[in-house]
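The values are calculated or read from the model by the stated rules, or taken from the named source; none is laboratory data. All of these numbers come straight from a predicted model, not from anything done at the bench. Cβ placement follows ideal geometry from the backbone for every residue including glycine, while neighbour counts extend to all protein chains displayed.
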Amino acid sequence: MLALLGPAEVRMPGAPAVIPQAGRVAALLALLALEPGRVVSAQRLMGQLWEDDPPQSGVSTLYVYVSRLRRQLEPLGIRIATRPPGYALELDPEAIDVVAFQREITRAEHESRRQDWSAAMTAIDRARELWRGDPFAGLAACSDLRLEAQRLLRLHRRVDELEARVLLGLGDARRAAAMARVLTEAEPLDESYWELRMSAEHEAGNTAIALALFDEFRELLADSLGIDPGPRVRELHTRLLRDPVRASAGEAPEPSATTVGRTAQRAAVDRAIRDAGAGRGRIVVFEGAAGIGKTHLARFAAERAAGLGLRVAWARSADGAGAPPLWMWTRVLAALEPELADPLAELRGGRDVELRDDHARFALSEEIVGRVLATAARGPVLLVLDDIQWADAASLHALRLLASSIREAACAVVVTARHPESARAEVAATLAALGRESEASRHLLTPFSPAEVAELVRAYSREPLEPGALRDRVERLVERTGGNAFFLTSLLAGEEDGPLPASVAELLAQRIALLPEEAQRLLELAAVGGLALQPRVLAHALACTAHEVADALEAAARFGVVRADADGWAFSHSLARDAVLGSLPRSRRALLHARYADALAALHAGDPEAAIEELAHHRVEAALGVPSSDAFAACMVAADRARASLAYDRAARFRADALLMLDPDATPRERVEVLVLLTEEQRSAGDVQGAASTLRRVLRTAQALGDRETTVRALALLGSITLWNWRQLGEVDRETIALFEPLLAEGAVLPLGQRIELHAALSLELYYGDAAERERGVVEADRAVSLAGATGDSALLARALGAQVFSRWRPGRDAERLASLDRWVALGGDGGSAPGEIVARLHRASVRLAAGDVDGWFEDSSRAGELIPRFGRMEFEAQYTGQLACAAMLGGRLDEAHELVERTYAILKRTSIWGGDWGRAVQQLTLARLENRVGEVVDEIVAKASEDAHRSLRWTAVLALAEVDATGEARSMQARWGLRQVPVLPYWGSDFERAQVAEVAVRLGTPLLTEAYEALADSRAALITGGTALACWGPRDALLARLAARLGWDDAAAHHAAAATRLTADVAAQLGAAPRW
């Protein structure tokens, strides 16, 4: 048997279990096992196993995994067949434990319906034997397996439910109730569990508990989803109401969880409770849509009142037929006078009162109010009357009378009413009457505002959040939940970006199932269309009228699934849409996407590009990972359009989809053309790693084809104008470098423009090489500049100057870089267009700051800032924002600096450009030094520096440890990381690194002070700056003065100190204030 319910293994009789190779190989087996005997396309398998990070070698890697799996399975007689367009697992479905598990559950359900309890229990026991743990444990995460695991976990809970029902059938109600309680605690929104628990408690003789459970469930639904229990639970409740009222009636719910926001409402509650304690009555009314948090506030009131010693009585009106008149007040009086078996009967004195008679109604209301006030005379009380929209006329009459009699009573009343149900004439009149009382206040509740969501996020967060991270988190949560408090707390307590909790999905599915069939069909189609609904598209796709669409949407709105606002119709929140999507099989979703795409194409036939991106999305989803000419064409047009509007990230996304949809029979040259476009778009979007990987595929394909033209075109991309080169820190791609040699060799025929581009590109590729390679990089850049200058082509010259600037980005060469940058900037808009000027300005700004030319820094940075909004390049925006953060720190605007640092990091996180974590750590440490709180950031910096990818932060980490007097740990990390000597590799960060080395040497004595002094003196920069002007730590001479003083070189120390003082004064004059460093 293939066992997937727990760690994956294959078991055969008489043989030890075979464990598939962990990770993606085992996940591949599971994905094939989900559809035994059916072909699963290679594209779909790749999309699942690698999701957004496909391997460079594409399908060939998948084939390697299939081969490994075959070697393990074929000795056991299990075959994986290759069938276009993918693979199929040839195995009897009954030999897969997932299938067998479902079969036993189906059998148990069948026997339960026949009331053959013994056979049902046997099937349940067999199902439990198959379950060894969480499905697909230890397998690589992929979306299909996650969804299937959730479904199987729900089935596992179904086994518990079935066992409880079987126990109930066998007459063991107490054990059934205990199992049902566990189920409701695990899945508090599953209606069937509550029905089971209520039935079991009733059968066990605990009718009062069963009634209290109904109230608890109804309150939970109202707070969570804004809906009422379904018909079956309501009918059960109606039957239970016929039993005598028990002493437990009227108990308040458990205290509420974290309460945030609603400041005015909470203040009103506090005032009412305080006044009740002082003998003055007050009423607080909370109104609003279902699920808005009315009952949550009522619970807050009950908790606060109980904590202050008030007696609390809680009652909720019952929805539907079966509840006797004055049921709400029966519950109140039962709580206030628990010694009475039937308070209302006692109050009536055994008389049969006709409540339709006005005199009799008034008399009875007066007696009810008298009892309440008498209790209040013995001590302050709080009454909570929840959901009065369902209250009968007699109950509402008593409430109005109490409101007019409460002024001098030690009684506070909290009332909740749901919209739009409270528009019922009697309820609306009662609410209006309450509002006219001077002791009453009415509050209309709205969904949580972003500020309140932020407050809730902070309440749930274990650590403080940076402003930018908090803002992004709040925006995401508001979009997913629509401000619904229950959804918010559920996501914050679990996975914020995870799938919809299973119980919520099931409950919403139950509600949607009650809608008319046409409304259900419309919601399914609308869900694949997105959060915002397009009635015109829906009408066309469903071949119905606009009026029919409106009727269906109105029906769905009554269940809180969709809402209408000024912008039109939309799902109430993304979780509602997720619930609908989650109920659809993959094949059904694909069919709906195809129907939606066809409707879009028909409606926009006159202007196809108007909805091209949306159309491309639906065509791809409809294809189910199988190549499609329609999807390919739509994606290519969508990518071209996004590229033209400088939305490079979207262009790259559509181009990658186009590649997946490309016909397998397409020629290699057609495929290469798509790959080249994708490379350009990935690089422009800041996805450097993705672009480098795609470029490698282009080069290998071009080499295999002997396509020299494509090879030249691809290599030239490496020299395009960018802030940084394509490589990660210290990376040297010698395979790519070798491709330049025959193209640039003497005698090689190559157009001059292409030769210049290749010289520039090779220069950049050699940047992280050894000493000889680095020097050759300088020569290649100079050759490119020389050749380009002779052409008169400013775009080629700008590209060559960019390579020249980068090749000299090393200690002591700032003067050469500045000369090249001056020449580049002088080209203006002709210098490779405005993006070229942006790059030149940002680089020159950093060189000028390092030289102490603050005015020049501001000039270049400001000009770059003016140009950046015209272009969709995230790396430009990040660099500019980082320089603004540095300016804010220098000017002492530290709050502003904090926000800018996080904004810079947030932008860079959306790219794969190296340096986002490095820049953030350096800026965080700079701020922490200015605010004397290095201890707060040191652990994070040390943890980040421990990663090999961020080894350039190791001197930063040692310095941070030294600055918080953790000398022993600082020395230990120096030894572990081999930081005993001054680094010798010259690169863009060397000047800043040498300054940190000097700081460490001053504090720890290692490296040697003389070596640290010589290295720092060799840097030539006037100010110590990090990266491209991301941070400034003051005059280099100030640090040299400290080193000289430690060495006993008094004259040198005095000389450096005087130079530092002069530079500080000069910077202050430019800033107009003393600099902070």
Count of region 899-933 residues which are under 18 Å from A957 (Cβ atoms), of a type in the set (K, R) and surrounded by fewer than 20 Cβ atoms within 10 Å (Cβ to Cβ): 2
Cβ-Cβ under 6 Å pairs, at least 6 apart or on other chains, region 765-788 side under 22 Å from L985 (Cβ atoms), far side in a helix (DSSP H, G or I) and basic (K, R): L766/R776
Qualifying residue in region 218-233 (condition: more than 18 Å from Q389 (Cβ to Cβ), among the charged types (D, E, K, R) and either part of a loop (DSSP other than H, G, I, E, B) or at pLDDT 80 or above (or both)): no
Single residue of region 504-538 satisfying the filter (aliphatic (A, V, I, L, M) and not in a helix (DSSP H, G or I)) that is modelled with the lowest pLDDT: L514
Hey, G560 modelled with pLDDT under 95, crowded, with 17+ Cβ neighbours inside 10 Å and on the phi > 0 side of the Ramachandran plot or not: yes
One residue from R976, R994, R980, R971 being basic (K, R) and not in a helix (DSSP H, G or I): R980
Any hit, region 130-150, residues being of a type in the set (D, E) and surrounded by fewer than 17 Cβ atoms within 10 Å (Cβ to Cβ): yes
Test: G892 is at positive phi and outside the structural domain of D1037 (by TED's automatic domain parsing): yes
Filter result (free of Cβ contacts under 8 Å to residues at least 40 places away in the same chain and not aliphatic (A, V, I, L, M)) within region 203-215: E203, G205, N206, T207, F214
Condition check for A887: closer than 21 Å to W1077 by Cβ, aliphatic (A, V, I, L, M), touching a residue at least 24 places away in the same chain (Cβ under 8 Å) and in a helix (DSSP H, G or I): yes
Wholly enclosed helices (runs of 4 or more DSSP H) of region 78-191 bearing at least 1 residues closer than 25 Å to A3 by Cβ and outside the structural domain of Q21 (by TED's automatic domain parsing): 143-169, 173-186
Filtered residues of region 1034-1060 (kept if touching a helix residue (DSSP H, G or I) at 6+ places or on another chain (Cβ under 6 Å), part of a helix (DSSP H, G or I) and of a type outside the set (A, V, I, L, M)): D1037, R1042, R1046, H1056
Condition check for L336: at pLDDT 85 or above and closer than 20 Å to R280 by Cβ: yes
D665, sole failed condition from (1) assigned to a helix (DSSP H, G or I); (2) more than 22 Å from A519 (Cα to Cα); (3) over 28 Å from the mean Cα position of the chain (by Cα): (1)
Qualifying residue in region 1061-1077 (condition: among the β-branched types (V, I, T), modelled with pLDDT of 95 or more and either assigned to a strand (DSSP E or B) or more than 30 Å from L821 (Cβ to Cβ) (or both)): no
All positions within region 868-885 that are of a type outside the set (F, W, Y) and either surrounded by fewer than 17 Cβ atoms within 10 Å (Cβ to Cβ) or over 26 Å from R683 (Cβ atoms) (or both): P869, R870
